[in-house]
1. Filter segment 426-451 for residues that are of a type outside the set (Val, Ile, Thr) and modelled with pLDDT of 65 or more and give the result.
2. For segment 223-278, which positions are closer than 29 Å to residue 319 by Cβ and of a type in the set (Gly, Ala, Ser)?
3. Just to be sure, is residue 205 farther than 23 Å from residue 112 by Cα, surrounded by 15 or more Cβ atoms within 10 Å (Cβ to Cβ) and either charged (D, E, K, R) or at pLDDT below 95 (or both)?
4. Could you check segment 209-288 for helices (runs of 4 or more DSSP H) lying wholly inside it with 2 or more residues that are in contact (Cβ under 8 Å) with a residue 40 or more places away in the chain and buried (at least 16 other Cβ atoms within 10 Å of the Cβ)?
5. Could you say whether any residue in segment 296-311 is buried (at least 23 other Cβ atoms within 10 Å of the Cβ), touching an Asp or Glu at 6+ places or on another chain (Cβ under 6 Å), modelled with pLDDT of 95 or more and closer than 26 Å to residue 4 by Cβ?
6. Go through segment 169-228 and count every residue that is within 18 Å of the chain's Cα centre (by Cα), closer than 25 Å to residue 84 by Cα and not acidic (Asp, Glu).
7. For segment 265-293, which positions are more than 15 Å from the chain's Cα centre (by Cα) and either closer than 13 Å to residue 245 by Cβ or of a type in the set (Lys, Arg) (or both)?
8. Is there any pair with a first residue in segment 399-423 that is in contact (Cβ under 8 Å) with a residue 40 or more places away in the chain and a second that is part of a loop (DSSP other than H, G, I, E, B) and of a type in the set (S, T, N, Q) whose Cβ atoms are under 9 Å apart and which are 6 or more apart or on different chains, and what are they?
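The values are calculated or read from the model by the stated rules, or taken from the named source; none is laboratory data. Bear in mind that the values here come from a model prediction, so they are computed numbers and not experimental data. Every residue, glycine among them, receives a Cβ derived from its backbone with ideal geometry; neighbour counts consider all protein chains shown.
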Amino acid sequence: MSAWYDRSVFYHMYPLGMTGAPKVNPPQGEGTHRLLSLEDWIPHIKELGCGGIYIGPLFESSSHGYDTRDFLQIDRRLGTNEDFCHFVSLCHKSGIRVVVDGVFNHTGREFFAFQDIAQKRWDSPYRDWYRGVGFDFPSPLGDPFHYEAWQGHFELPCLNLQNPSVRDYLFQAVDFWIREFDIDGIRLDCANVLDFGFMSGLRARTEAMKKDFWLMGEVIHGDYARWLGPSMLHSVTNYELHKSIYSGFNDHNFFEIAHNVRRLQAIGRELYTFVDNHDEDRIASKLKDPAHLAPVYICLYTLPGIPSLYYGGEWAIKGQRTKTSDEALRPALSMDQEPDLRCPLTSLIKRLGQIHSQEKAFHHGVYRELLLTNRQYAYSRQNEDSLVITVLNNDSQPATISVPVFAEGSQALPLLGGPEEMGFAGQKPGEGGPEEMKPLPIRDGRLTLTLPANWGMIYKII
């Protein structure tokens, strides 16, 4: 049986944004309990069919959450350690696993080790905790020493993960998270630049504490296979597929998506797939044609990978980053707004979550390309006892296609309704109407059907 994370759809939460927390965290002051408001989201997340939550950053920081002050305390703008314990317990009672952000490449400048170096300089026992530390000239931010910073952002000094003391400290922090919060996994921030020995040690450490603990790394470029393996990470972010999905739809070029999927099949592991996240423009803003939003999500949920839904995506909200701010990607939202934000896409995503959960072919099922043109794309997912076919159309007109079926079966049972049934407007009567939900015959090993414009269908061969 596949692991829980390979069967899951994840719901991605950025809590500082969702709760409307202040952008700057004062060094001292009373905390709040904004995490309590996130408990209201749990029934909604379960209803969407998500079996996992990726939430973060969470720990005490100075601003956006990735400039950590304290690895052992929940950010006071969000609440207390007890608040997060309660959140995780409620998720577990609903059958939802919880994965947190692990920011191990760097800290903030208010982290205790950095402050000790600033005060004691070469006499500090922590002077080797950061990379490139020297005392012959100050940092660009006026610190009395210089150091390596992540991508030149000197508010994010890079930790020296080859230092055994640093590794031990971070491993003990992770031990604390598992014991204190009972988390189920970690998403490793900036995994593409993390020390491989550190990640291997983390895998051994977490697996010893919790056998089914999941490690997923943020990797943007490179050969994803380098980060994956029995002694490394379980999965990485599939930025390649992310780019090819929105680009393939915008350019009416399904070849780009199919080529990417075909190339990554050699890895043999489930990658973490998404169409937007807290660092990327919202997919509703990236697409040139809003009508492509529905088939984009059908594509996401049915292609190989572990699908992730970014909060608010189910309501088709928009957001674009600027040169100086990511705030538009991370808006404050509450479940009180849900009745007003709900839209046909919400129902579609809920149905896709149900299909993904019910059909085991989507959990490590073998992918096979069946038909490919610029504007139509068909593929199957198959396991030992199930074959499911997805057909996509990015054209503004209906398309009649004939798809080969490489399995025994006389009928194709539709698992997803057409645009009208899912509440999407703009379709002429009969284009994706109720008749589309009837089983279709398979004749001479082929499935012939008419796809509605800007839509996708999912069929189970019976």
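1. 437, 438, 439, 440, 441, 443, 444, 445, 446, 447, 449, 451, listed by residue number.
2. 235, 244, 247, 248, 258
3. yes
4. The qualifying helices (runs of 4 or more DSSP H) are 239-250, 254-264.
5. Within segment 296-311, one or more residues are buried (at least 23 other Cβ atoms within 10 Å of the Cβ), touching an Asp or Glu at 6+ places or on another chain (Cβ under 6 Å), modelled with pLDDT of 95 or more and closer than 26 Å to residue 4 by Cβ.
6. Number of matching residues: 12.
7. Across segment 265-293, the qualifying residues are 269, 286, 287, 288, 292, 293.
8. Here the result reads 399/373; 401/373; 419/427; 419/454, each pair linking segment 399-423 to a residue that is part of a loop (DSSP other than H, G, I, E, B) and of a type in the set (S, T, N, Q).
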